[in-house]
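Undergrad: One structure follows; several queries about it will come next.
The values are calculated or read from the model by the stated rules, or taken from the named source; none is laboratory data. Bear in mind that the values here come from a model prediction, so they are computed numbers and not experimental data. Counting neighbours? That spans all protein chains shown, and the Cβs are built from the backbone with ideal geometry, glycine included. Calculation scope for accessible area: heavy atoms of the full protein, side chains included, ligands and nucleic acids excluded. Shrake-Rupley method; radii C 1.70, N 1.55, O 1.52, S 1.80 Å.
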Amino acid sequence: MQESLTRTLVCQLAIDEGSPRLLTQGQREARRVVNEVFRLDREGYDWNHIEDIVADRSAHVKNTTQQLLEKATDVLKRYYDKDDYGRPHPNYEDSFPLRMNHGEGYALTLDEETGAVEFRITAQKGMFVRGTLQASPAQLEMLQTALTDEEWRVGTAEFISGERGHELHIKITHETATVRSSETATTFVGVDVNEDNVALAAVTESGVQDSIVIEYPEIKQRRHEFFTIRKRMQSAGQTAFETTVQDREKRFVHDRLHQVSRAVVEWVEQFDDPVFVFEDLKDIRDDIEYGTRMNRRLHSLPFAQLQNFVSYKAAWNGIPSMKVNPEYTSQACLSCGHTERGNRTKKRFKCVECGFQDHADRKAAVSISAKGLTELDRNVPALNSLPVVRVRRQCNGASEPPDHDPRSAVQGHYADGERGSVNS
């Protein structure tokens with residue numbers, strides 16, 4: 001089974017015209033529409049009749065009302081499919097998403113001179129809010145492509161307000177590209193994203209096929225340099241240029257992560273029916289507590305950004321992605337299962353219980369692959385015999401000749417405890 005190539009982009013709203021209160025009123029009206037659908041269903045109305053009643057009373061434009069009706073009836077269908085378990089209840093307090101079609105409920109236009117994406121949201125009939133979308137360079141790049149490339153379609157969007165401000169979640173779909181279902185995958189590629197590298201391990205039910213560690217130390221170095229520059233500017237009261245420095249840092253990191261993600265996808269294309277297995281990073285920042293300096297470095301790392309770049313580029317080649325629980329992937333021993341923080345020392349993993357050794361990041365990538373196999377009910381092979389660790393230095397710049405093969409010698413730690421220099 002193949003799936004359409006669809007992405008959901010999260011953008012913030014910089015409102016230039018119209019009051020944010022109009023959007024709040026639109027959300028309240030959306031909540032009222034859905035609540036009314038639930039009420040009429042409970043009273044026994046025919047669903048076709050419900051649609052007519054609710055549509056006549058709605059203060060939204062026609063296709064926004066239709067989207068809200070569809071959302072409510074989908075919830076009811078799931079309720080009835082589960083033998084009347086968990087009837088949906090009205091929501092009278094929580095903020096409700098305002099769901100809209102592109103072209104009527106909301107519209108996006110690209111300023112070809114500046115590259116800015118401008119929005120118009122019809123909060124209710126005849127009531128508009130206009131402004132400019134703000135997002136990461138990667139998200140804006142994808143949205144600009146969707147607005148200019150005929151093979152892309154801009155679809156539904158949901159306006160959401162909350163602690164992070166006003167957001168527009170926009171779906172874009174490629175008209176012809178498809179992505180294989182992860183259910184058909186035979187090679188599970190675990191991806192361990194770190195401060196200075198990304199480790200990959202390709203695992204099948206037969207065992208570990210290959211692995212590689214792609215380094216990008218210049219990202220860590222340059223981010224530290226930019227941080228130092230900003231601190232000195234703040235101390236000198238030169239805050240006028242702080243935004244300029246931050247923009248330079250973002251552009252540098254964005255460019256390097258694009259290069260790294262391309263290298264990752266190219267390496268994976270050699271395997272049969274691969275699927276990328278990522279750690280679910282949704283709550284990972286809440287668990288980081290290593291002191292002020294280390295917290296500052298880790299909390300600002302673009303872990304999720306690299307994951308997004310890889311999955312986005314992989315999807316173009318039909319390669320699916322999935323996420324697994326990240327718990328203990330860096331601490332658990334592949335040989336005996338013993339788990340504790342003391343197993344890892346910097347880039348070296350050595351189990352304090354059985355003595356199993358490996359490159360710490362590659363070991364974590366293998367663990368992530370194994371979780372992917374388990375998630376899809378596949379057989380997990382024995383993982384205590386691993387191939388040679390290969391390390392590739394990525395994005396070294398002009399200091400390397402054009403024909404340079406950017407792979408470096410490293411110290412390899414093997415399952416049998418032996419230790420040796422590896423060149424590849």
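Undergrad: All but one of (1) modelled with pLDDT of 90 or more; (2) exposed (fewer than 11 other Cβ atoms within 10 Å of the Cβ); (3) under 23 Å from Phe38 (Cα atoms) hold for Thr148; which doesn't?
TA: In the conditions (1) modelled with pLDDT of 90 or more; (2) exposed (fewer than 11 other Cβ atoms within 10 Å of the Cβ); (3) under 23 Å from Phe38 (Cα atoms), Thr148 misses (3) alone.
Undergrad: Are there any pairs with C-beta distances below 7 angstrom linking a residue in the stretch 184-208 that is over 16 Å from Leu306 (Cβ atoms) to a residue that is surrounded by fewer than 24 Cβ atoms within 10 Å (Cβ to Cβ) and of a type in the set (D, E, K, R), with the two at least 6 apart or on different chains, and if so which?
TA: Listed by first residue and then by second, the contacts come to Thr184/Asp273; Ala185/Asp273; Thr186/Asp272; Thr186/Asp273; Thr187/Asp272; Thr187/Asp273; Ala202/Asp210; Glu205/Arg378.
Undergrad: So if I check each of Asn384, Asn308, which one is modelled with pLDDT under 90 and in contact with a helix residue (DSSP H, G or I) (Cβ under 8 Å, 6 or more places away or on another chain)?
TA: Values: Asn384 fails: in contact with a helix residue (DSSP H, G or I) (Cβ under 8 Å, 6 or more places away or on another chain).
None of the others qualify; the one that does is Asn308.
Undergrad: Within the group Val203, Val191, Val154, Val179, which residue is within 29 Å of Thr114 (Cβ to Cβ) and crowded, with 19+ Cβ neighbours inside 10 Å? Spell out the reasoning first.
TA: Values: Val203 fails: within 29 Å of Thr114 (Cβ to Cβ); Val191 fails: within 29 Å of Thr114 (Cβ to Cβ); Val179 fails: within 29 Å of Thr114 (Cβ to Cβ).
Answer to the selection: Val154.
Undergrad: If you go through the stretch 311-352 one residue at a time, how many are part of a loop (DSSP other than H, G, I, E, B) and surrounded by 17 or more Cβ atoms within 10 Å (Cβ to Cβ)?
TA: Kept after step one, since they are part of a loop (DSSP other than H, G, I, E, B), are these residues of the stretch 311-352: 317-320, 325-331, 333-338, 340, 346-347, 351-352.
After this cut, where a residue has to be surrounded by 17 or more Cβ atoms within 10 Å (Cβ to Cβ) as well, the list is 319-320, 326, 329-331, 333-335, 347, 351.
So the answer is 11.
Undergrad: Mind checking which residues of the stretch 15-65 are without any contact (Cβ under 8 Å) to a residue 24 or more places away in the chain, open to solvent by 10 Å² or more (accessible area, probe 1.4 Å) and within 21 Å of Thr156 (Cα to Cα)?
TA: The answer is Arg32, Glu51, Ala55.
Undergrad: So which residues in the stretch 175-204 are over 30 Å from Ala382 (Cβ atoms), in a strand (DSSP E or B) and under 18 Å from the mean Cα position of the chain (by Cα), if there are any at all?
TA: Scanning the stretch 175-204 gives a single hit, Val179.
Undergrad: Restricting to helices (runs of 4 or more DSSP H) lying wholly in the stretch 11-93: which have 3 or more residues that are under 30 Å from Leu143 (Cβ atoms)? Spell out the reasoning first.
TA: Details: elements: 20-42, 47-57, 62-81.
The qualifying helices (runs of 4 or more DSSP H) are 20-42, 62-81.
Undergrad: I'm told Glu113 meets every condition in (1) in contact with an Asp or Glu (Cβ under 9 Å, 6 or more places away or on another chain); (2) without any contact (Cβ under 8 Å) to a residue 40 or more places away in the chain; (3) under 27 Å from Arg153 (Cα atoms) except one. Can you identify the failing condition by its number?
TA: Only one criterion is unmet by Glu113, namely (1).
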